[in-house]
Amino acid sequence: MNWSLMIHGGCGAMRPDRLPPEQEDRARVGLSAALDAGEAILASGGSSLDAVEAAARVLEDNPAFNAGRGSVLAADGRVELDAAIMDGRDRRAGAVAGLATTRAPVSAARAVMEHSPHVLLTYAGADRFARERGLDQVANDWFITPERRAQLDKVLAAGGAFDADIKYGTIGAVACDMAGHVAAATSTGGLTAKRWGRIGDSPLIGAGTYADDRAAAVSATGLGEAFIRAVAAHELAARIRLTGARLQDALDAVLADVGTLGGTGGLIAVSPTGEAAWGFSTPGMYRARASAAGREVAVYSEPERR
Ligand code: ASP
């Protein structure tokens, strides 16, 4: 069977003339390291669930991406982390939102799936659960980088409005293993200057994250509110399951629908036969894929290979 892994590190207004080369390099190196982690598992016959968790953890720990360390800041200057994971075999799922001290949100989501009777835990209760499960705890400051602090100050100075250079830095991973099972994981700090306990699409099963062996595994990035209203990840899988749509066609249709709701963003998806697709409506998306056929790391919309 073909294994397949696809990851994203968010999308946004990246253009070759606007993205500083060192920032692009940091992202490419980070994506490549995450591919390594997932590929090592899939190529040796491991499960898609283990692979998406491993790839997501590498991206969470990398400050170049808006997840885990290096997450964007909420309006009060703190970091609130959201994540979800889903197993396509039986549609078991786990998610966390508003974490403040758990170092690996995606692993907290997996613990919710495997060690609680629930699907979604939030805020202090979610951190408490993760701590009780023995997951690493850190001070909230540990997640904060000077770049994100400056970004928040800029957004607050502009009255809290999102700027045109916004980059949705959420990370995600989807995989199909040699047994033909799919899994998806997404992790994020959400949107800069978020308030009032705002939660986006990433930890909402069906919106930013979904996996179903009958169709596909999906992870999203972009304006969460639009992806929630489109129930984007589930919609993509449902189109395949109910209409027999091709993976790429289903993905493109959902992205267009998100667009009609005023949202931009990107999606990655793999099918249980190992087919993989990505798409985005922003100028660029940090993304990478690996399979037995090779690897690709890309940032802009034009085809590129490294
Ligand atoms: N989708 C995420 C959210 O709305 C943001 C992102 O993709 O960076 O929380």
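The values are calculated or read from the model by the stated rules, or taken from the named source; none is laboratory data. A quick note: this is a predicted structure, and the numbers were derived from the prediction, not measured. Reconstructed Cβ throughout: ideal geometry from the backbone, glycine too, with neighbour counts over all protein chains shown. Note: accessible area is taken over every heavy atom of the protein model, side chains too, but ligands, DNA and RNA are not part of it. Shrake-Rupley method; radii C 1.70, N 1.55, O 1.52, S 1.80 Å.
Against the definition (away from the ligand (no atom under 16 Å from the Cβ), surrounded by 24 or more Cβ atoms within 10 Å (Cβ to Cβ) and either without any contact (Cβ under 8 Å) to a residue 60 or more places away in the chain or within 19 Å of residue 135 (Cβ to Cβ) (or both)), how does residue 108 come out, yes or no? Considered against the rule, which asks whether it is away from the ligand (no atom under 16 Å from the Cβ), surrounded by 24 or more Cβ atoms within 10 Å (Cβ to Cβ) and either without any contact (Cβ under 8 Å) to a residue 60 or more places away in the chain or within 19 Å of residue 135 (Cβ to Cβ) (or both), residue 108 comes out as yes. Considering only residues in segment 166-185 that are within 8 Å of the ligand (Cβ to nearest atom) and outside any loop (DSSP other than H, G, I, E, B), the one that is nearest to residue 278 (Cα to Cα) turns out to be 168. Can we say residue 32 is touching a residue at least 12 places away in the same chain (Cβ under 8 Å) and either out of contact with any Gly (no Cβ under 9 Å at 6 or more places or on another chain) or more than 16 Å from the ligand (Cβ to nearest atom) (or both)? Here the answer is yes, as residue 32 does meet what is asked. Residues that are surrounded by 24 or more Cβ atoms within 10 Å (Cβ to Cβ) and not small (Gly, Ala, Ser) within segment 18-34 comprise just one, 31. When segment 165-204 is filtered for residues that are polar (S, T, N, Q) and either modelled with pLDDT of 95 or more or more than 19 Å from residue 32 (Cα to Cα) (or both), the ones remaining, listed by number, are 186, 187, 188, 192, 202. Here the condition is being at pLDDT 95 or above, within 30 Å of residue 216 (Cβ to Cβ), open to solvent by 30 Å² or more (accessible area, probe 1.4 Å) and aromatic (Phe, Trp, Tyr); of 162, 129, it holds for 129 alone.
Just the residues that are surrounded by 24 or more Cβ atoms within 10 Å (Cβ to Cβ), within 14 Å of the ligand (Cβ to nearest atom) and not in a helix (DSSP H, G or I), please, taken from segment 211-226. Across segment 211-226, the qualifying residues are 218, 219, 220, 221, 222. The residue of segment 77-98 that is nearest to the ligand (Cβ to nearest atom), among those that are free of Cβ contacts under 8 Å to residues at least 40 places away in the same chain and open to solvent by 10 Å² or more (accessible area, probe 1.4 Å), is 92.
Of all the criteria given as (1) more than 12 Å from the ligand (Cβ to nearest atom); (2) within 16 Å of the chain's Cα centre (by Cα); (3) part of a loop (DSSP other than H, G, I, E, B); (4) aliphatic (A, V, I, L, M), the one not satisfied by residue 207 is (1).
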